[in-house]
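The values are calculated or read from the model by the stated rules, or taken from the named source; none is laboratory data. This structure is a prediction, so every number in the text was calculated from the model and none was measured. Note: ideal-geometry Cβ built from the backbone for every residue, glycine included; neighbour counts use all protein chains shown. The protein model used for the area step is the full one, side chains on, heavy atoms only, and it has no ligands, DNA or RNA in it. Shrake-Rupley method; radii C 1.70, N 1.55, O 1.52, S 1.80 Å.
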Amino acid sequence: VQLQASGGGLVQAGDSLTLSCAASGRTFSGYAKGWFRQPPGKEREFVAAINFSGRGTSYADSMKGRFTISRDNAKNTVNLQMNSLKPEDTAVYYCAARARGMTTTDAMTEYDFWGQGTQVTVSS
């Protein structure tokens, strides 16, 4: 079972970036999924989550209106569209899948599978 995050890179403030997370080894269509991030020197924090159907989403307050999470169950992927990026968005971004529930949650302990992380760096 693997989650592979990709799409990170170096961008300028105000730019957009889309992260993608592909699952392999099993189908995650019945699992809620989430994105978390860990800024340098800080703890990992919640970014966004999406329920099993894709019709329910939740976001951290600082990401509302700028980030959009979506999923394609046929492709076993979840994406994070990030707009109007700020230097404070610089972090390693991780995708996660929740085997124990189909609804969204911001609690890291509720997620059972984690990707390896992809670096996003936003320059000012």
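Where the accessible area of the chain is counted over protein heavy atoms with a 1.4 Å probe, how much of it, in %, is carbon and sulfur?
46 percent
Check each of the chymotrypsin sites (Phe, Trp or Tyr not before Pro) in the range 26-65 and keep only those in coil by DSSP with at most 16 other C-beta atoms within 10 angstrom; list them in order.
none
Please figure out what share of the DSSP beta bridges in the chain is antiparallel and state it in percent, rounded to the nearest 5.
Once the DSSP bridges in the chain are tallied, antiparallel ones form about 90 percent.
Subtracting the Cα-Cα distance from 0.36 nm times the residue separation, let me have the gained length for T18 to T68 in nm, one decimal.
Roughly 17.1 nm would be gained on extension.
For the range 24-68, rounded, prolate or oblate, judged on the Cα gyration tensor with a ≥ b ≥ c (square roots of eigenvalues), a/c < 1.5 rounded, else prolate if a/b > b/c?
Cα axes put the range 24-68 in the oblate bin.
Using +1 on the beta carbon of Lys and Arg, -1 on that of Asp and Glu, and nothing else charged, what's the dipole of the chain about the Cα centre, debye to 20?
300 debye
With a ≥ b ≥ c taken as the square roots of the eigenvalues of the C-alpha gyration tensor of the range 55-124, please select rounded if a/c is under 1.5 and otherwise prolate if a/b is larger than b/c or oblate if it is not?
Prolate is the answer for the range 55-124, as a/c is 1.5 or above and a/b outweighs b/c.
Need one number: nm distance between label points at T27 and T57, each 7 Å from Cα along Cα→Cβ, rounded to one decimal.
It works out to 2.4 nm between the two label points.
In nm, what is the difference between 0.36 nm times the number of residues separating M108 and R44 and their Cα-Cα distance?
Taking M108 through R44 to full extension adds about 22.2 nm, to one decimal.
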